[in-house]
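The values are calculated or read from the model by the stated rules, or taken from the named source; none is laboratory data. Small disclaimer: the values here were computed from a predicted structure and weren't measured. Glycine gets a Cβ as well: all are built from the backbone with ideal geometry, and neighbour counts include every protein chain shown.
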Amino acid sequence: MKRSSMKSGMQQITTGRDALQNYFQDYNKLVWLVDWRVNKLPYCTVYVIAPEASWPSKIGIATCARKRVAALQCSHWKRLAVTHCYWAPSVADARKVEKKAHALIKDEPNGFLLGEWFNKKPNEAAEIVRFAALSAGVELNDTIEDMGARESIRDRWEQGLYEETVRIGHYTDFHERRR
C-alpha cells in the first residue's frame with residue numbers, strides 16, 4: 001500500500017509499515033486496541049463497528065474492542081471496522097451507555113435491525129453513544145492517559161502483534177492488505 005501526501009511543497013511517500021508506525025505515534029487513535037483486563041484496569045470500551053466502515057452499525061461494549069471485532073469478523077461476510085471507540089470508567093458504566101444508546105435507537109422508526117445492529121451510519125451511531133453517555137451521567141473518553149496502557153500498546157506493537165489487526169480492523173487506511 002502506498003500513500004502520498006503533500007507536506008511543505010514536497011511529496012512524501014509513506015509505505016505500509018511507515019504508515020503504521022506513524023499511526024502508532026498518536027495513542028488517541030488506539031483506544032480500540034487496549035485490552036483493559038490485561039492492563040489490570042477497570043475500564044470498558046464502548047464501540048461502534050460497521051462493515052466496511054459504512055452501514056449498518058453495531059453498538060457494543062468489550063474490555064478489548066480489538067478482540068471483539070476479530071470474533072465478529074469470522075461470521076461476517078464483509079470486512080468489519082471499529083469506527084468509533086470510547087472507554088468508560090467501569091463495565092457497569094459502559095453497560096449503562098450501551099443500554100441507553102440501544103433504547104434511543106430502538107425508539108426511532110426503522111432504527112433497529114437485529115440484536116445490536118442498527119440502521120445507522122457509524123457517525124450517527126457515535127453521536128447517539130455520546131448523547132446516551134451524557135444522559136446516563138457517564139463520562140466517556142477517547143484518549144489514553146494511562147501510561148501503563150500506552151506502554152502495553154507500544155510493547156505489543158514492537159513485538160509485531162498489532163500490524164495485521166490494525167490493517168484489517170480499523171477505519172483508517174489500513175483496511176487494504178499491503179502488497
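Observations on the structure shown:
- One residue alone among 87, 117 is of a type in the set (Phe, Trp, Tyr) and surrounded by fewer than 22 Cβ atoms within 10 Å (Cβ to Cβ), and that residue is 117.
Results for (1) under 20 Å from residue 151 (Cα atoms); (2) at pLDDT 90 or above; (3) charged (D, E, K, R); (4) not in a loop (DSSP other than H, G, I, E, B), shown as yes or no for each residue.
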site: 4; (1), (2), (3), (4): no, no, no, yes
site: 13; (1), (2), (3), (4): no, no, no, yes
site: 20; (1), (2), (3), (4): yes, no, no, yes
site: 28; (1), (2), (3), (4): yes, no, no, yes
site: 47; (1), (2), (3), (4): no, yes, no, yes
site: 93; (1), (2), (3), (4): no, yes, yes, yes
site: 105; (1), (2), (3), (4): no, yes, no, yes
site: 109; (1), (2), (3), (4): no, no, no, no
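- Scanning the stretch 47-75 for residues that are of a type outside the set (Ser, Thr, Tyr) and without any contact (Cβ under 8 Å) to a residue 12 or more places away in the chain, we see that the one that is surrounded by the most Cβ atoms within 10 Å (Cβ to Cβ) is 71.
- Residue count for the stretch 76-89 satisfying the condition of being touching an Asp or Glu at 6+ places or on another chain (Cβ under 6 Å), free of Cβ contacts under 8 Å to residues at least 60 places away in the same chain and farther than 17 Å from residue 149 by Cα: 1.
- For the stretch 63-78, the set of residues classified as among the charged types (D, E, K, R) and farther than 16 Å from residue 98 by Cβ consists of 66, 67, 78, listed by residue number.
- Yes/no for residue 61 being within 12 Å of residue 125 (Cα to Cα) and either at pLDDT 90 or above or not in a loop (DSSP other than H, G, I, E, B) (or both): no
- Leading residue by the ranking (farthest from residue 82 (Cα to Cα)) among those in the stretch 136-169 that are β-branched (Val, Ile, Thr), modelled with pLDDT of 75 or more and surrounded by 16 or more Cβ atoms within 10 Å (Cβ to Cβ): 138
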